[in-house]
Each structure stands twice: as structure tokens, then as C-alpha cells.
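Peer 1: Got a structure here, written out as C-alpha cells. Questions coming.
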Amino acid sequence: MRKKIVAGNWKMNKNLNEALELGATLSQALKNNAISLQAHQEVVICPPYIYLLKLKDFFRVLGEKQIQVGAQNCHFKDAGAYTGEISASMLKSLEIDTVILGHSERRTYFKEDNALLKAKLDHALANGLRVIFCCGETLAIRETKEHFNFVAQQLQESVFHLSAEQMAQVVIAYEPIWAIGTGVTAAPEQAEEIHAHIRQLLAKQYDATLADNTTILYGGSCKPTNADALFSQPNVDGGLIGGAALKADSFVGIIEHLR
């Protein structure tokens, strides 16, 4: 059975005390709701860089073993004169095992293109990180009905050079950009349609077994009220959660619908 994952992207939110408070509340909420993850289920939170080690140590003290800590981004070089950047080897030295790459906000605000993301992906995998690789279209592209081709091009130019062995360390997160932070959510049928398309692309590029084993997350305004309908779709394997990950009750409310 492929991994089913709920990953919380905290983006640029929370000061240190707020981050620790959220971590503690989230850990307690899992216990209060008697949530015990199965072997194929995972919960990952991705806070700002400066809280990674603090939260890992904090969870260790709490005895919290169900919440993993991941990073939101990394550079494409191992070291050098890149002020303000963080490399995958630095993350690995903190025992961070997961990193998000290609998030729509990185693409939009920091002009990260497919070629740059290919380099970042290669660097992360070379350092033993699992990558949550984001893809997805804007509203303008969806309205032209070119979204299938657009997502295929993103994957072709950034991901599909990987070997099957490398691809096994990649989780795909589909982001309908038109549904991020807008309160608009893709209908479960819309999410299933594009997720199935991505799985078909994987099968064509690699094989049916790899495609079936690849985790594909939905990343667009997922919340407790729609998580069950989204996660019940055959090709939706969980969610990359933004705003709803910043409150323990809503994040746990989504985790409860993991299948």
C-alpha cells in the first residue's frame, strides 16, 4: 500500500513560542483524539527553517513519535556564497528527511522555473532527502483547458529525468493555484481527474507498479469539512495543507480522514 500523508506547510508564520505552542497542542490533540497512525500513514509538519531543530528536540522531549518535521525549501548547491540559503546537506545534518520543492509560491514570488527545480530536486535526492514536489496550474491555464498539458510539462522538465529508484523518493503534490488561499477548493471529482492524469503520466514514463506506489497529495484549501470527500478519491493520497495546518484542531480534523 502506498504512503498516505498529511503534510502541513506553515509557510512564513509563527514566532518561536507560537510554533512550540502549536507543536504541543498538535501532539496533545492527536492523543486526545486517540489517533494512532498505521504503518502506511504519515504526518509531517514543515515550519520555517529556524524552528526545525527546536521542534525536533521539542517532540523528542514530549515523546511524540507520530509527527515528522520537514523543510519548506532547499538550495541546489551543497555549499558556497549563497547568502541566506540552506542546502540539503545542512537539512540532513539536522536529521530532516523531507523537503518541499516547487511550491507555487516559490514559483510565483521567487521565479523558480522547471530547470531550477530540476537542479534542486537532484541535489535533495543526492543528499538522501524525500521530496514533496509540487505542480499545478493557475486559473487562467485551467480556463484554457490546458491544465493537463501544463502539469505534464512541469513533470517532464523537472522530474521525469529521474531513475525509477530515485522516483521512489518523490511524493507529488498537485496544487490548483486557483484554490490556494482563496477559499475555493477543487471538487473531489476535479482533484481525482488530475491526480489520475498524473498517475497515468508516471505509468507511461516508468511503469504501472511505480505509478501505483507513488503518493500524490492534494494541495488546495483542504480542510476538515472536505478532507473526507477528497481523500476518498482513489488517486488522492492525502494533502499538502497550508492555512488549516496553523491550527491544531483543523489540522487534526484533516488527519482523522487519512485512509
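Peer 1: Which residues, taken from segment 166-196, are in a loop (DSSP other than H, G, I, E, B) and either surrounded by fewer than 17 Cβ atoms within 10 Å (Cβ to Cβ) or in contact with a Pro (Cβ under 8 Å, 6 or more places away or on another chain) (or both)?
Peer 2: Ala168, Gln169, Gly181, Thr182, Gly183, Val184, Ala186, Ala187
Peer 1: Of all residues in segment 197-215, which are buried (at least 16 other Cβ atoms within 10 Å of the Cβ) and not in a helix (DSSP H, G or I)?
Peer 2: Result: Tyr206, Thr214, Thr215.
Peer 1: Does Leu101 count as of a type outside the set (Lys, Arg) and under 22 Å from Gly128 (Cα atoms)?
Peer 2: The answer is yes for Leu101.
Peer 1: Here's another thing I want to ask about it. How about segment 225-248: which of its residues are part of a loop (DSSP other than H, G, I, E, B) and of a type in the set (D, E, K, R)?
Peer 2: Listed by number, the residues that qualify are Asp237, Lys247.
Peer 1: Sticking with this structure for a sec: Could we say that Gly70 is under 19 Å from the mean Cα position of the chain (by Cα) and in contact (Cβ under 8 Å) with a residue 60 or more places away in the chain here?
Peer 2: Taking the combined requirement at face value, the residue satisfies it.
Peer 1: Taking segment 146-165 as the search range and keeping residues that are free of Cβ contacts under 8 Å to residues at least 40 places away in the same chain and in a loop (DSSP other than H, G, I, E, B), which one is nearest to Arg107 (Cα to Cα)?
Peer 2: My answer is Glu146.
Peer 1: Does any residue in segment 24-44 that is surrounded by 14 or more Cβ atoms within 10 Å (Cβ to Cβ) come within less than 6 Å, Cβ to Cβ, of a residue that is among the β-branched types (Val, Ile, Thr) six or more places away or on a different chain, and which pairs are these?
Peer 2: Every condition considered, the pairs that remain are Ala29/Val252; Glu42/Ile5; Val43/Val6; Val43/Ile67; Val43/Ile255; Val44/Thr98.
Peer 1: Give segment 92-125 a look and list any residue that's outside any helix (DSSP H, G or I) and crowded, with 17+ Cβ neighbours inside 10 Å, or say none.
Peer 2: Across segment 92-125, the qualifying residues are Ile96, Thr98, Val99, Ile100, Leu101, Gly102, His103, Glu112.
Coordinate-derived values only; no laboratory data. Keep in mind that this is a model prediction, so the values were computed, not measured. We place every Cβ from the backbone using ideal geometry, glycine too, and count neighbours over all the protein chains shown.
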